[in-house]
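Input: a single structure, listed below in structure tokens.
The values are calculated or read from the model by the stated rules, or taken from the named source; none is laboratory data. Because the structure is a prediction, the values reported are computed rather than measured. Note that we place each Cβ from the backbone using ideal geometry, even for glycine, and neighbour counts take in every protein chain shown. The accessibility values were calculated without ligands, DNA or RNA, using every heavy atom of the protein model including side chains. Shrake-Rupley method; radii C 1.70, N 1.55, O 1.52, S 1.80 Å.
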Amino acid sequence: MTWLATTTENCTVQRTLDLIGEKWSLLILRDAMNGVRRFDDFRRHMGLSEAVLADRLRKLVGAGVLDTVPYREPGSRTRHEYHLTRKGWDLWPAMIALKQWGDQYTADPEGPPLEVLHRECGESAEAVVLCAAGHGPLAPRQAYTRPGASARPMA
């Protein structure tokens, strides 16, 4: 069975994009990965409406990508911070790959606005594709695709 002969209704890339592929969801994840936790800080930093932010946070919490942790400032009502779950942090390599592509093709002439560095040596972090058997990094032409266990033929 070839790729064109398989249905995409259960495609995991499509399902992932349905969950996090919207611009604001990805930017919330970017900010959360950089330490932003509170609703007002997300809103102020990204400049989006309260309604859109609340909707995207609700969706990410519902999917288990973010978790809520209650906090209370003295004299105020209880509110929630948003923390990445393990499922959320598992998106970090994809975010690094998007950043890496953006740094190469969309950065200002002076360079990228944010660097991701290895704490141990201070060198830049990169996303790479590796073979599970330890070969790599791989270039696109060194890999191939085939239908997986849940592939279904087109109707």
Exactly one of (1) touching a residue at least 24 places away in the same chain (Cβ under 8 Å); (2) open to solvent by 60 Å² or more (accessible area, probe 1.4 Å) is unmet by Ala51. Its number? (1)
Counting only residues in the stretch 67-113 that are loosely packed, with under 10 Cβ neighbours inside 10 Å and small (Gly, Ala, Ser), the one nearest to Leu17 (Cα to Cα) is identified as Gly111
May I ask you to say which residue of Leu130, Leu138 is more than 21 Å from Leu29 (Cα to Cα), open to solvent by 100 Å² or more (accessible area, probe 1.4 Å) and either of a type in the set (A, V, I, L, M) or at pLDDT below 95 (or both)? Leu130
Those residues of the stretch 123-141 that are small (Gly, Ala, Ser) and either under 18 Å from Asn34 (Cβ atoms) or in contact with a helix residue (DSSP H, G or I) (Cβ under 7 Å, 6 or more places away or on another chain) (or both) come to a total of 3
Subset of the stretch 18-48 [surrounded by 13 or more Cβ atoms within 10 Å (Cβ to Cβ) and farther than 22 Å from Val116 by Cβ]: Leu19, Glu22, Arg38, Phe39, Arg43, Leu48
